[in-house]
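Have a look at the structure below, then the notes.
The values are calculated or read from the model by the stated rules, or taken from the named source; none is laboratory data. What you see is a predicted model; the values in this text were computed from it and never measured. Virtual Cβ from ideal backbone geometry, glycine too; neighbours counted across all protein chains shown. Just the protein is used for accessible areas: all its heavy atoms, side chains included, with ligands, DNA and RNA removed. Shrake-Rupley method; radii C 1.70, N 1.55, O 1.52, S 1.80 Å.
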Amino acid sequence: MDMYIGKRLDGRYEIEELIGVGGMANVYKAKDLLENRVVAVKILRDEFLGNEELVRRFKNESKAISLLSHPNIVKVFDVSVSDKVQYIAMEYIDGVTLKDYIKERHVLTWRETLHFVTQTLEALQHAHNKGIVHRDIKPQNIMVLADGSIKVMDFGIARFSRGETHTATNKAIGSVHYISPEQAKGDDIDLRADLYSVGVMMYEMLTGKLPFESDSAVSVAIKQISDEAIPPRKINPEIPQPLEAITMRAMAKDVRFRYQTAGEMLAAIEEFKKNPSVRFQYEYLKNDSPTRYIDKVVSRSKKQQAAAAESRRKNQKGGKKKSKLWLTVPILAGMAVAFAVGAAILCFLIFRTSGLFSSKPDVEVTSFTGMTLAEAQKNENFEFEIEEVYNTNVEEGVIFDQSPKPPKIVKQGSTITLRVSLGKQEVAVPDLSNMTRGEAEKKLTELGLMASIVPEENNSVEENKVIRTDPAAGTTLESGQTVTLYISRNNRTNTKVSVPNLINLTSTTEAQKALEARRLRLGTQTQVNSDLPEGTIISQDPVAGSMVSVGTKVNIQVSNGKPVEKKLTITITFDENVENGTWSATFPGGTSSFALTGSNRTWTFTAVGTEGTGTITVTNGSIKKTFEIDFDTELDGKSFVIKGTPVSSVPEPTPTPDSEDSSSSESTSSSGSSSSDSSSVPADSD
């Protein structure tokens with residue numbers, strides 16, 4: 001049996017069952033005794049506590065996800081790092097992985113694909129704005145909930161994109177079918193590696209296939225580096241052309257040609273949603289520089305498309321009247337001339353710019369980062385091109401980037417581009433209320449601010465428009481800081497749904513599923529005494545059948561398996577014929593004694609039980625009385641009367657023929673006996 005099951009961590013998290021096994025940690029379902037909720041607890045395996053690299057990764061995950069707060073990222077409640085045990089307590093997600101969902105559906109519709117991709121990108125945008133790169137985005141790390149929302153999990157190999165060093169040993173970590181080419185090569189990576197992984201996921205959802213597959217992980221990694229994926233529309237022709245273009249750009253081998261941010265990719269998706277006929281053309285152009293992309297967005301009306309088609313038709317019709325040979329000869333001749341001219345120009349540029357025949361000496365590129373511009377310009381080996389940029393993290397006048405970078409050998413007099421900080425730029429947050437998401441992001445970008453997106457259901461603001469910002473409009477910020485945009489989504493709060501019946505369900509998990517199916521949430525869970533089995537739901541608020549808004553919390557009371565104690569008041573009254581004396585009683589829940597006197601003839605005590613019948617035994621010396629009580633039916637109390645026999649009703653003894661004295665003596669004894677017996681007459685009860 002697992003050593004943690006049944007134990008408590010820090011006296012708070014009671015481990016119930018193992019629900020997941022990972023490469024370096026196990027995940028358990030647990031009960032948070034302090035907050036009375038179900039949580040997931042991720043515990044680093046004991047055998048890895050001595051592995052500094054894995055401990056570093058685990059701590060890094062703790063550090064990373066503790067900074068994140070987004071509806072599409074699993075929520076962290078608690079982190080504990082000690083020599084004996086290291087764990088993270090987080091939100092318990094009841095759902096299926098996106099990978100399982102894809103396997104079940106095989107091919108997703110483009111609408112489903114965008115539904116999941118959009119939420120993933122929003123989560124990544126939030127993480128990237130916090131300086132965190134996930135590095136292992138894959139459908140196995142994304143949970144799909146019953147309401148269709150997703151949660152990104154497992155930041156186990158995440159790293160901070162700024163200010164953290166890392167070695168080659170952790171660069172290529174990730175799932176080989178989804179890692180970027182730079183990860184596969186072990187190069188440095190940034191947030192664009194996550195976007196490549198999103199592109200692979202998008203490809204898989206749209207086509208039902210992974211872009212690169214092979215018998216070994218090494219072969220797949222090589223294909224990630226060198227092979228081009230089959231265009232998705234060749235596998236599934238029903239995919240809209242713009243989505244194919246978006247997918248392939250996200251999966252570009254060269255990071256320069258990918259989307260540079262999650263927000264940029266989201267903007268392309270939003271453009272497609274607004275205009276499904278939009279065309280994204282990411283074309284290669286060849287020249288003396290390395291291959292580069294030119295991005296075009298072409299949106300043509302049906303009238304324009306029809307005119308273009310008619311023009312092509314007329315050209316084709318007229319062409320039939322001419323000889324194919326007549327057309328071919330000048331085309332070939334033109335191509336030959338163009339090739340010769342292009343080759344001549346290329347050779348000229350190569351000889352002119354390569355420095356092969358330059359008499360200038362070779363020099364090593366100097367690192368100018370951290371110098372002031374004045375200090376850099378003292379170096380006479382290079383020409384400088386200056387770019388001045390606001391940078392919150394670098395003092396004004398200091399160089400923070402350059403191109404090319406060392407180590408590199410160039411000819412003396414070569415030009416080096418220096419990026420010089422203008423320091424901090426203070427700007428006021430604009431009023432973005434009721435702007436579309438794209439308009440608001442563009443406005444912030446123009447001001448040098450970052451945008452973080454948080455979807456929020458709202459009944460009064462149009463879908464996909466800004467509800468509010470944090471910080472609020474008018475707040476002064478430094479350039480580079482982040483503004484959170486709360487975006488209206490789906491207007492679901494206007495929808496009323498019926499509360500399902502949760503009573504007699506035997507677990508909160510069942511209740512959660514029933515509520516999520518109607519887009520409701522589970523509220524407080526209160527443990528109460530009940531005869532029903534432990535875990536059974538015995539009441540709910542609001543009650544079943546109530547019509548409530550989507551997102552409403554339903555509070556429940558849950559049986560702890562301990563029967564409810566019932567109290568029954570017992571009253572015993574003695575009539576005037578019962579002689580004074582001390583009485584005692586034994587009953588369910590305790591004992592009691594009573595001194596019967598002339599003025600005090602009513603005896604009251606309380607019996608305690610859970611269900612069914614019980615017995616009360618009352619004694620006085622040799623006198624013993626037994627009464628039956630019922631905890632189920634006699635809830636208002638029970639009364640009994642103990643009666644004695646009057647002395648005058650005792651028969652006179654018959655005189656004996658012996659002597660008068662002996663007759664008198666026997667009569668006294670008999671009378672005493674009768675008096676004693678009178679108090680032992682069976683009691684009558686009311």
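Structure above, values below:
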read-out: Extreme residue, modelled with the highest pLDDT, among residues of segment 19-38 that are closer than 23 Å to Asp136 by Cα and surrounded by 15 or more Cβ atoms within 10 Å (Cβ to Cβ); value: Tyr28
read-out: Selection within segment 398-454 - surrounded by fewer than 14 Cβ atoms within 10 Å (Cβ to Cβ), in a strand (DSSP E or B) and within 37 Å of the chain's Cα centre (by Cα); value: Glu426, Ala428
read-out: Breaking point among (1) exposed (fewer than 12 other Cβ atoms within 10 Å of the Cβ); (2) within 25 Å of Pro646 (Cα to Cα), for Gly590; value: (2)
read-out: Residue identified as at pLDDT below 85, of a type outside the set (A, V, I, L, M) and either closer than 30 Å to Asp531 by Cβ or surrounded by 15 or more Cβ atoms within 10 Å (Cβ to Cβ) (or both) among Glu666, Glu628; value: Glu666
read-out: Answer from Thr552, Thr536 - the residue that is open to solvent by less than 50 Å² (accessible area, probe 1.4 Å), closer than 28 Å to Leu635 by Cβ and either within 53 Å of the chain's Cα centre (by Cα) or among the hydrophobic types (A, V, I, L, M, F, W, C) (or both); value: Thr536
read-out: Residue that is farthest from the chain's Cα centre (by Cα) [pool: residues in segment 89-135 that are open to solvent by 20 Å² or more (accessible area, probe 1.4 Å) and among the acidic types (Asp, Glu)]; value: Glu104
read-out: Spans of strands (runs of 3 or more DSSP E) in segment 569-644 with at least 3 residues free of Cβ contacts under 8 Å to residues at least 60 places away in the same chain; value: 581-587, 590-596, 602-609, 613-620, 623-630
read-out: Residues located in segment 199-248, provided they are more than 21 Å from His106 (Cβ to Cβ), outside any loop (DSSP other than H, G, I, E, B), out of contact with any strand residue (DSSP E or B) (no Cβ under 8 Å at 6 or more places or on another chain) and open to solvent by 30 Å² or more (accessible area, probe 1.4 Å); value: Ala217, Val218, Ser219, Ile222, Lys223, Ile225, Ser226
read-out: Residue, farthest from the chain's Cα centre (by Cα), within segment 631-655, restricted to residues that are modelled with pLDDT of 80 or more and aliphatic (A, V, I, L, M); value: Ile642
read-out: Some residue of segment 557-564 being modelled with pLDDT under 90, in a loop (DSSP other than H, G, I, E, B) and either of a type in the set (A, V, I, L, M, F, W, C) or more than 30 Å from Leu505 (Cα to Cα) (or both); value: yes
read-out: Residue check, Thr476 over 25 Å from the mean Cα position of the chain (by Cα), surrounded by fewer than 16 Cβ atoms within 10 Å (Cβ to Cβ) and under 30 Å from Leu449 (Cα atoms); value: yes
read-out: Of all residues making up segment 544-594, the number that are of a type in the set (Ser, Thr, Tyr) and farther than 30 Å from Lys625 by Cα; value: 4
read-out: Yes/no for Asp575 being more than 24 Å from Ile616 (Cα to Cα), among the charged types (D, E, K, R) and either exposed (fewer than 15 other Cβ atoms within 10 Å of the Cβ) or out of contact with any helix residue (DSSP H, G or I) (no Cβ under 7 Å at 6 or more places or on another chain) (or both); value: no
read-out: Of all residues making up segment 505-533, the number that are assigned to a loop (DSSP other than H, G, I, E, B) and either open to solvent by less than 40 Å² (accessible area, probe 1.4 Å) or under 23 Å from Ile93 (Cα atoms) (or both); value: 8
read-out: Residue list for segment 154-198, filter: open to solvent by 20 Å² or more (accessible area, probe 1.4 Å), in a helix (DSSP H, G or I), closer than 22 Å to Ala217 by Cβ and modelled with pLDDT of 80 or more; value: Ala184, Lys185
read-out: Segment 136-153: number of residues that are surrounded by fewer than 21 Cβ atoms within 10 Å (Cβ to Cβ) and in a helix (DSSP H, G or I); value: 1
read-out: Selection within segment 102-121 - over 30 Å from Gly186 (Cβ atoms) and outside any loop (DSSP other than H, G, I, E, B); value: Lys103, Glu104, Arg105, Trp110, Arg111, Glu112, Thr113, Leu114, His115, Thr118, Gln119
read-out: Test: residue in segment 124-131 that is touching an Asp or Glu at 6+ places or on another chain (Cβ under 6 Å) and at pLDDT below 90; value: no
